[in-house]
Amino acid sequence: MILTELHLHHFRNYQDLTVHFNPGVNVLIGHNAQGKTNMLEAIYVLSLTKSHRTSNDHELINWQEKSALISGTVEKSIGKIPLELQFSSKGKKAKVNHLEQARLSQYVGQLNAILFAPEDLSLVKGSPALRRHFMDREFSQMSSKYLYNAGQYRTLLRQKNKYLKQLKYKQQTDRVLLRVLSDQLAAFGAEVIIARQHFLKHLEGWAADLHQEISLNKESLRLEYVNQLKVNDETTVEEAYQALFKLYQDNERREIEQGTTIYGPHRDDIRFLVNDKNVQAFGSQGQQRTTALSVKLAEIDLMKEQTGEYPLLLLDDVLSELDTIRQTHLLTAIQNKVQTFLTTTSLSDVARQLINEPTIFEIEHGTLNKEEVK
Ligand SMILES: Nc1ncnc2c1ncn2[C@@H]1O[C@H](COP(=O)(O)OP(=O)(O)OP(=O)(O)O)[C@@H](O)[C@H]1O
Ligand SMILES: [Mg+2]
């Protein structure tokens, strides 16, 4: 898919801007604090209705204003789709084809984007919560079923945790409701677990190929889904449900004592193995970087497989973090395949030579100028 046009009104440091993009590579170049990340953020928000930088939508609105608007046109194999998001103190409104959507979940999935920023290195180095968040964010974009199941799981988990606390502090004594909640939680949890296993397996295939290529055949990458049920590719949703529900039944007393749910996909993790060693614990900076990059690039193919369309690729300040070999691999992997938006304070010679007919935009204080390239 291609984002042909973007319009920003009172979004962050942009007053009023309309821009037409190149279906290939778009380079956003500028000094610090001019609005490069804000532009990528706008595209990301248009895709997911949420920012990757803040959970507070109000921050997206220009400081001097009361509302903001992002709109754009996406071109897919089925045709052109106009998208629009409005932010104000009343909340947000999402429109597809000029029609307001009753639920944001109906909106998500129209425009798919994969964002890679320096902080994505924390995918490998950071806490398990970050990797769970990564799975939920990425898999929700590919599958509305996953989005739904993960959302239901979260809601039920909150309810069950609240009830467990009431039982712990003896404000409640009746365990029937607890069993009902555990039963429902196990049902949605099983869906989430099996979907994660499935998606990670697919992701692994592409990530392993890329990693091997980038490391010049020196390293092999494997991804392991770490979960309490120890599911494998053959495990069915029904089996996962039975196993999870049993864990809840067998550990009812412990969960009440602790006042929280101790089993389920909210405790899962991903393990990255390079040459069979856990790269989080034993990998060098470079290996961790290559791992994160391979996994992100693999998402492009996974998304294409799941949705039938290539997503957009948003690369925030990534080139400067990579050595020449990795820059070359990154840029060759994306050439002529996905529409790409990359930000940088200065474009290296390597990148200039490698990128095929890019459009270069210079960003200064929230305004854009197209640079004429030979
Ligand atoms: N709601 C807002 N209203 C007005 N300005 C804002 C708002 N939010 C952020 N800004 C400003 O936008 C400016 C540009 O931020 P942005 O993160 O896009 O910079 P950048 O070009 O990516 O810089 P860097 O190269 O340092 O990453 C910052 O100076 C910030 O203060
Ligand atoms: Mg930035």
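The values are calculated or read from the model by the stated rules, or taken from the named source; none is laboratory data. As the structure is a computational prediction, the values presented were derived from the model and not from experiment. Neighbour counts run over all protein chains shown; Cβ positions are idealised from the backbone, glycine included.
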From Glu252, Glu219, residue being of a type in the set (D, E, K, R), assigned by TED's automatic domain parsing to the domain that holds Asp276, crowded, with 17+ Cβ neighbours inside 10 Å and over 25 Å from the mean Cα position of the chain (by Cα): Glu219
Listing of strands (runs of 3 or more DSSP E) fully contained in segment 1-98 that carry 2 or more residues being away from ligand 1 (no atom under 16 Å from the Cβ), more than 21 Å from Leu319 (Cβ to Cβ) and out of contact with any Gly (no Cβ under 9 Å at 6 or more places or on another chain): 14-20, 67-76, 79-88, 91-96
Conditions (1) free of Cβ contacts under 8 Å to residues at least 24 places away in the same chain; (2) over 24 Å from the mean Cα position of the chain (by Cα): number failed by Ser51: (2)
Single match in Arg222, Arg254 (criterion: free of Cβ contacts under 8 Å to residues at least 40 places away in the same chain, of a type outside the set (S, T, N, Q) and outside any loop (DSSP other than H, G, I, E, B)): Arg254
Among residues of segment 9-34, those that are touching a residue at least 40 places away in the same chain (Cβ under 8 Å), closer than 25 Å to Glu65 by Cα and polar (S, T, N, Q), counted: 4
Those residues of segment 15-47 which are more than 20 Å from Ile61 (Cβ to Cβ) and in contact with a His (Cβ under 8 Å, 6 or more places away or on another chain), in sequence order: none
Matching residues, segment 315-366, being within 16 Å of ligand 2 (Cβ to nearest atom), of a type in the set (Val, Ile, Thr) and either crowded, with 18+ Cβ neighbours inside 10 Å or assigned to a strand (DSSP E or B) (or both): Val318, Thr343, Thr344, Ile363
Leu293 under 15 Å from Ala207 (Cβ atoms), crowded, with 22+ Cβ neighbours inside 10 Å and touching a residue at least 60 places away in the same chain (Cβ under 8 Å): yes
Given (1) at pLDDT 85 or above; (2) closer than 23 Å to Lys218 by Cβ; (3) within 21 Å of the chain's Cα centre (by Cα), number of the condition Ala333 does not satisfy: (1)
Test for Asp301: is it assigned by TED's automatic domain parsing to the domain that holds His211 and either in contact with a Leu (Cβ under 9 Å, 6 or more places away or on another chain) or away from ligand 1 (no atom under 16 Å from the Cβ) (or both): yes
All positions within segment 1-44 that are surrounded by 22 or more Cβ atoms within 10 Å (Cβ to Cβ) and of a type in the set (Asp, Glu): Glu41
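Enumerate the helices (runs of 4 or more DSSP H) found wholly within segment 118-175, keeping only those where 3 or more residues are under 25 Å from Tyr248 (Cβ atoms) and modelled with pLDDT of 95 or more. I'd like the intermediate steps shown before the answer.
Details: elements: 122-125, 128-142, 144-168.
Output list reads 128-142, 144-168.
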Residue within segment 112-135 that is farther than 21 Å from Asp268 by Cβ and among the polar types (S, T, N, Q) present: yes
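Can you tell me which residue within segment 1-29, out of those that are of a type in the set (Val, Ile, Thr) and over 16 Å from Lys76 (Cα atoms), is farthest from ligand 2 (Cβ to nearest atom)?
The selected residue is Thr18.
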Residue check for Leu244: touching a helix residue (DSSP H, G or I) at 6+ places or on another chain (Cβ under 7 Å), crowded, with 17+ Cβ neighbours inside 10 Å, modelled with pLDDT of 95 or more and not small (Gly, Ala, Ser): yes
